Each structure stands twice: as C-alpha cells, then as structure tokens.
Number of protein chains: 2
Amino acid sequence: MSRGQDIRRAMTAEQVKAYQENGYLLLPNYFSRAEIDVLAAELPIVFSEDSPRRIIETNEVSVRSVYGSHMTNEVFKCLTCHPRLVGPAMQLLGSNVYVYQFKVNAKVAFDGDVWQWHQDYIFWLKEDGLPSPRIVNVIVFLSEVNEFNAPLLIIPGSHKEGVIEVPALYEDENTQTSTWISSLTAKLRYSVSKETVTRLVRDYGMEALKGPAGSVLFFDSNLVHASANNISPFDRNMVLITFNSVENIPITRGTPRPDFLVSRDYSSIIPVADDAMLAFVTH
Amino acid sequence: MSRGQDIRRAMTAEQVKAYQENGYLLLPNYFSRAEIDVLAAELPIVFSEDSPRRIIETNEVSVRSVYGSHMTNEVFKCLTCHPRLVGPAMQLLGSNVYVYQFKVNAKVAFDGDVWQWHQDYIFWLKEDGLPSPRIVNVIVFLSEVNEFNAPLLIIPGSHKEGVIEVPALYEDENTQTSTWISSLTAKLRYSVSKETVTRLVRDYGMEALKGPAGSVLFFDSNLVHASANNISPFDRNMVLITFNSVENIPITRGTPRPDFLVSRDYSSIIPVADDAMLAFVTH
C-alpha cells in the first residue's frame, strides 16, 4: 500500500461527517504509550528554554505555553510530519498542508490558568490576515485529561456560526510586543462575550473533552472553546498543531507577528513513516 | 411519631458509617424543587445587600459570598432550623447544636473564582479558638452542580489526617479587617500545600461532588477540599451551614471575629416542622 493511499483513507467517511457536523473529532489512544513517552520526555527541555517563544502564567512562575518547538526540537518536528496527523489534515482541507502554528500548552498542576471562551480563527484573521478558516487544529494529549485537570470545554456545532465578531479587549497597544502577547495570556484579545456563550450553550450544549494520554482531537478553527484553571495535582500537557492549506497563505498587512506564531515556511509537509516516533525511543 | 424519634433516625447506620469513613455524605434531591425555589428566590435580595457580610470576587464586581443571612432573612433562618439538616447534625455530634456560621457561596457563571485547597477546622481553631472539630458542615445545592460549573473537589478520607499544619499565608496584618477578610477571599490564609495535596490525592484519590439542585452534602470540617473557577454559563449557588455542638463553644482570645463569621448565639436549635419551607411558597 502506498503512502498516498494511507493518507486518502485517514478518516472514515463517518468520521469526516462527525467532524463537519460537530466541529471536532476526538480519537482516544490514537498514539501509543511508547510514542507519548517519547514526546513527554522532551517537555522538561522545552519548558526550560528561556526564549520569547515561552509564555509564563500570570503567577510569573509557571510555564503556560511554548511556541514553535518544532523549529528547534527534532521529536516535535517529527510529530508535525506524522501521517496520523498530516493525513487527516490533508483529507479535511483537500490540499497539501503546512504548519501554521505549533505550541505546547502546559496547564500545570495547581497553577495552570484559564483560557477564556474564544474561537481561534478570528485571531489569525485579524492578526495575520489568514484569508479563510481552511485550517485544522490538532491536539495531542500528553497527559490524561480528566474531570479534575481542566479539560477543554467546547460548544459542539458552534463552528457553524462562523466568525463571531467581538469587541477587541485592548483598543490601544503601544508596542508590537504587547499586541501579540495579548493573544497568548489569560486575558485574551478576542474572547466571546458571556451573552453569546450563554446563547450558544443553550442552543448547542456543552462538552468536556476527556481521554487518556495519546488521545488526539481534531477541531475546527471556528469552534468556540475554553478551559478553566487547573487546581488538581495532575499536569495537563498538550501539543497543539495547526495545519493550514498551502492554498490559504496569509496576506500580511504591516509587520507580521513573530514566525513562531505565524510560520513563514509554506512548504508542503511530506509525511514521515507511521512508526517514525519510535526511532526516538531510548533504551 | 414524636419529633425526637424523627431526629434520632435522621441518618441510617450505614449513612453514619459512610460519613465517618469518607468524611462526607452526599444526598441527592434531599430538598424538593418547591423548597429549592423558595430558597433561590431569596438570592437576589441577599446578593443586593450592601454590607460587610457580603464578599466580592477579585474582579471587584461579582458577589463571592454572603455571610450570616440567617440573622436577617426569615427563609434562611428557617433553613438553619430544618429537621432534615439539624437532625443529622445532632445525630453526628451527639448533642444539641447551634449555627456556628452561615453563608451563601455564589460561584457565579463566568466569574466565580477559585477556592484553594483547605480544611475548614483550622480556620476556626486558629481564628476563633474552637476547641475541637466537633462540628458539621452542611451544603445545600441551590443550583445543579455539574462537571462544568466547578463542583466541590474533595479528597475522601482526608479528614482522618486531622489538622494539617500549614504556614500562614499572611504573616503580618495591620488591621482587624484585613485579618478576617483573608479567610474569605480567593487567596486563603490557611491553604494546604501542593506537596500535601499531591500526597493525599495519591493516597486517598479525589472526587467531584455533583448533583441536582436540592442535593445536600454533609461533610467533616477536616476534609480537604477546593473548587476551581466557574467559566461556564451556569451559576453554582450553594448555602453552607456549619452546626457546632453546644458543648464545643469557642474559647476566644483577643478580639473575636465579627458575629457573622463566628456566632455568639449559642442557644440550641429547636427544629421546625419538616414542611416548614413550603409556608414561604408564593402563589
């Protein structure tokens, strides 16, 4: 069987339909324990890098997120080329894809802070000039996500609302740094209003996406989502990879955000072998 | 059947055993919808009272808690005398009881803030000179508590550890107000350390206590508990009543905290009739 055939049948027709209808698809145990161990072993290295790519929580101590690690770390680079992620992304977008953004969200035990209710695409539209939401988010659970460690809360079907206009949180920004940092911290630049969330939850309901380490979530960039603070003793580490269609390159006006937030490398990803992560296992 | 007999059989032997073993007992639908509607109808009145008994969240807008409403509100006074609460409290403590503390915790939709990991008794020991944990907490759910609106998280069995000594968060307080206020806001004066919570959860596990409006939770004042912030569109209103044994009166040193935090009325509660709440139904 050729690699091309593998990718074409990445998701079943039912899975694609569920993704399109609900705005997400959660696949439990999509990566093996051995593969997740390989990824998790890189976290201490990534978290300890003192870099503008690392965002600290408002407690000024804990790591909140690290961006762009696939540019510096071979294991995470391999993950962004993994056929189990790239295949469905190509299938859903109907084209070749590239990595638009990569991050690790730490949501550490006791100190992981809130992510307010938001859609992702509006940030990329307003900040980066991304022409359309022809883009797929993929989350790889590096920890078990349970009812205690602040699972992602989503409003299923809310992606059908398209871009929900919101008043920008900070009208005046003096420096470029404060502009882009306001998309990354606990106070989000474009959060969906309480009134809108209340209406959407009444119309669509609400779900908490839980699963063992190794589970993978594909979700639409217009899906409304949030997560609470993590007061449990359990870390909740996730990798988030955003794949963009190579036919949906941002049209930048003014100075673009740093390349660890909006990649300038538009070359199509060539998937690696399905067992590629296991090459990094240390014995 | 006399009222005395009612009270003696307030909890079954199995329920008492479960309470003593786990440190809590959750009774779903303990009050009827009609009774809860009576209580919930008082919330707007209680929340709108501008008083030192009302504590505001760190967002400086939302009501976090209101203390001592049973002293001013007939409906909540009736609740503190309800045989379904007073009976089990007398049974568990083996004596007559009085209301040590009363509060409504709002934990409002979107803005309800965290309660850090803590035990209750240590506050009353250190701040009020309460001789022993011969005291019972009762929580009445005025809202449905679900996985989205920050249920109480508890470590079952942790009450067996007794008082867990913790370093006081604020060493120096300049005014009496700032001293007692630090027991009531999101930054707790006596919170259990991350290391201890991690150990306790490893040893005892962890539970999220959910249930429909009308459920009632009895819990030990040494049970370690916490709750996250509420980012959902669902309020999570609860009444918390602490019954103390009349044989366990505080031994005050110095200036006592305000009487809405530590009651000076030690007279034994005389339970009202079981259907007393329904007298407040408005037609």
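The values are calculated or read from the model by the stated rules, or taken from the named source; none is laboratory data. If you're wondering where the values come from, they're calculated on a predicted model, not measured in any experiment. Cβ atoms come from the backbone with ideal geometry, glycine included; neighbour counts cover every protein chain shown. Areas reflect the complete protein model, heavy atoms only, side chains present, ligands, DNA and RNA absent. Shrake-Rupley method; radii C 1.70, N 1.55, O 1.52, S 1.80 Å.
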| field | Hey, B:His159 touching a strand residue (DSSP E or B) at 6+ places or on another chain (Cβ under 6 Å) and over 21 Å from B:Asn229 (Cβ atoms) or not | value | yes
| field | Residues of the stretch A:62-97 classified as in contact with a Ser or Thr (Cβ under 6 Å, 6 or more places away or on another chain) and either within 14 Å of another protein chain (Cβ to nearest Cβ) or open to solvent by 10 Å² or more (accessible area, probe 1.4 Å) (or both), total | value | 4
| request: Please find, within the stretch A:195-254, the residue that is farthest from the other protein chains (Cβ to nearest Cβ) out of those that are of a type in the set (Lys, Arg) and either under 30 Å from A:Pro131 (Cβ atoms) or open to solvent by 20 Å² or more (accessible area, probe 1.4 Å) (or both). | output: A:Arg253
| said: Exactly one condition in (1) under 19 Å from the mean Cα position of the chain (by Cα); (2) within 25 Å of B:Asp265 (Cα to Cα); (3) modelled with pLDDT of 95 or more is false for B:Gly94; which is it? | reply: (1)
| Say we look at the stretch A:144-156 and pick out the residues that are within 8 Å of chain B (Cβ to nearest Cβ) and not aliphatic (A, V, I, L, M); which of these is nearest to B:Ala226 (Cα to Cα)? | A:Phe148
| Take the residues of the stretch A:104-116 that are out of contact with any helix residue (DSSP H, G or I) (no Cβ under 8 Å at 6 or more places or on another chain) and within 14 Å of chain B (Cβ to nearest Cβ): which is surrounded by the most Cβ atoms within 10 Å (Cβ to Cβ)? | A:Lys107
| said: So, in the stretch A:106-141, how many residues would count as being among the aromatic types (Phe, Trp, Tyr) and more than 16 Å from the chain's Cα centre (by Cα)? | reply: 1
| Within the bounds of the stretch A:84-97, is there any residue that is touching a Gly at 6+ places or on another chain (Cβ under 9 Å) and over 23 Å from A:Glu21 (Cβ atoms)? | no
| query | Just checking, how many residues over the stretch A:255-280 are open to solvent by less than 50 Å² (accessible area, probe 1.4 Å) and under 16 Å from A:Leu125 (Cα atoms)? | reply | 6
| Complete set of residues in the stretch A:210-254 that are of a type in the set (Gly, Ala, Ser) and outside any strand (DSSP E or B) | A:Ala213, A:Gly214, A:Ser215, A:Ser221, A:Ala228, A:Ser232, A:Gly254
| note | Checked A:Arg53, A:Arg64 against criteria (modelled with pLDDT under 95 and touching a Gly at 6+ places or on another chain (Cβ under 6 Å)); the one match is A:Arg53
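Here is a yes/no grid of residues against (1) surrounded by fewer than 22 Cβ atoms within 10 Å (Cβ to Cβ); (2) modelled with pLDDT under 95:
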position	(1), (2)
B:Ser32	yes, no
B:Ala40	yes, no
B:Glu60	yes, yes
B:Val99	no, no
B:Phe102	no, no
B:Glu127	yes, yes
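Conditions (1) of a type in the set (D, E, K, R); (2) at pLDDT below 85, marked per residue:
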| site | (1), (2) |
| --- | --- |
| A:Ile122 | no, no |
| A:Glu144 | yes, no |
| A:Asn149 | no, no |
| A:Ile154 | no, no |
| A:Glu161 | yes, no |
| A:Tyr170 | no, yes |
| A:Glu173 | yes, yes |
| A:Ser182 | no, yes |
